[in-house]
Amino acid sequence: MTDLPDAIPAATLIVMRDRVDGPADLLMVERAKAMRFAAGALVFPGGRIDPGDDVLAATIGDGDDLPARIAAIRETIEEAGLAIGLSPLPSAASLSSIRAALHAGQPFADALATQGVTLDPAILVPFARWRPAHQHARIFDTRFYLAAYPDGSPEPSADEGETVRLFWSSAAAVLAAADAGRAILIYPTRRTLERLAQHRHFAEAVADAAAHPIQAITPFIERRTDGDRLCIPQGLGYPVTSEPLSGATRG
């Protein structure tokens, strides 16, 4: 596929919290039903890369994905009230002030400086990149990152705007809820959860990320005798690479 529609640069953060008595929990957020994209779906915290993320990236370093890392950190604060990639780890009160400043439209750099906090974007581990090409009002070119839940971090909370609730759950449990009709998963989220369900701990997911190439994944329709299927390339770490097109939720 050579002629792809325009896409909005975006980033998302998969926060993992290891458990001693079972597979790692993932931080999931439920999007408000009024949202234009993925309404009512369970997703990972994230969103579009704002111009301010590009400006901040230019002041702290280089790397073509630095704005995406900053966006993933910022969006996780805004949507979930969780500090990932900040140094030092802010107190609950300081984090609340940063979050409130972001919701009020203050530049991220200014909100951090006021609280004496700096960014540590290198803590994010690149995991995947999804770039759909379906005919939808909004298409996002999204970089996925992994991060471990910081010990001592304030418990996350939904912003009750874009996200109406959040919770911790294993990947397998989220998939089971979707299969039972109790949750909505868009196609990239479902494939990502299936991949993460293979791993018990954060370190295993990091090793998986290192073992597979990260390239922009553009799902494609394959005509088969038993019906059309929505597919992704093999060899990128995903145990399931297709599902019936009729049942796929594409955003």
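Quick look at the numbers
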| quantity | calculated |
| --- | --- |
| Hey, residue 72 among the aliphatic types (A, V, I, L, M), surrounded by fewer than 18 Cβ atoms within 10 Å (Cβ to Cβ) and at negative phi or not | no |
| Helices (runs of 4 or more DSSP H) (entirely within region 64-142) containing at least 3 residues that are of a type in the set (Gly, Ala, Ser) and under 30 Å from residue 186 (Cα atoms) | 66-80 |
| Single unsatisfied condition, residue 233 versus (1) assigned to a loop (DSSP other than H, G, I, E, B); (2) on the phi < 0 side of the Ramachandran plot; (3) touching a Lys or Arg at 6+ places or on another chain (Cβ under 8 Å) | (3) |
| Filter pass, residue 11 being touching a residue at least 60 places away in the same chain (Cβ under 8 Å), assigned to a helix (DSSP H, G or I), in contact with a helix residue (DSSP H, G or I) (Cβ under 9 Å, 6 or more places away or on another chain) and within 17 Å of residue 189 (Cα to Cα) | no |
| Any chance residue 167 is hydrophobic (A, V, I, L, M, F, W, C), within 17 Å of the chain's Cα centre (by Cα) and surrounded by fewer than 18 Cβ atoms within 10 Å (Cβ to Cβ) | yes |
| Qualifying residue in region 201-223 (condition: under 22 Å from residue 29 (Cα atoms) and assigned to a loop (DSSP other than H, G, I, E, B)) | yes |
| Selection within region 122-134 - surrounded by fewer than 22 Cβ atoms within 10 Å (Cβ to Cβ) and in contact (Cβ under 8 Å) with a residue 60 or more places away in the chain | 125, 126, 129, 131, 133, 134 |
| Leading residue by the ranking (modelled with the lowest pLDDT) among those in region 172-191 that are touching a helix residue (DSSP H, G or I) at 6+ places or on another chain (Cβ under 6 Å) and assigned to a loop (DSSP other than H, G, I, E, B) | 183 |
| Region 227-243 residues that are more than 12 Å from residue 213 (Cβ to Cβ), paired with ones that are among the aromatic types (Phe, Trp, Tyr) and part of a strand (DSSP E or B) (beta carbon under 7 Å, 6 or more apart) | 231/220 |
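The values are calculated or read from the model by the stated rules, or taken from the named source; none is laboratory data. Source: prediction; values computed, not measured. In this analysis, Cβ positions are derived from the backbone assuming ideal geometry, glycine residues included, and neighbour counts consider all displayed protein chains.
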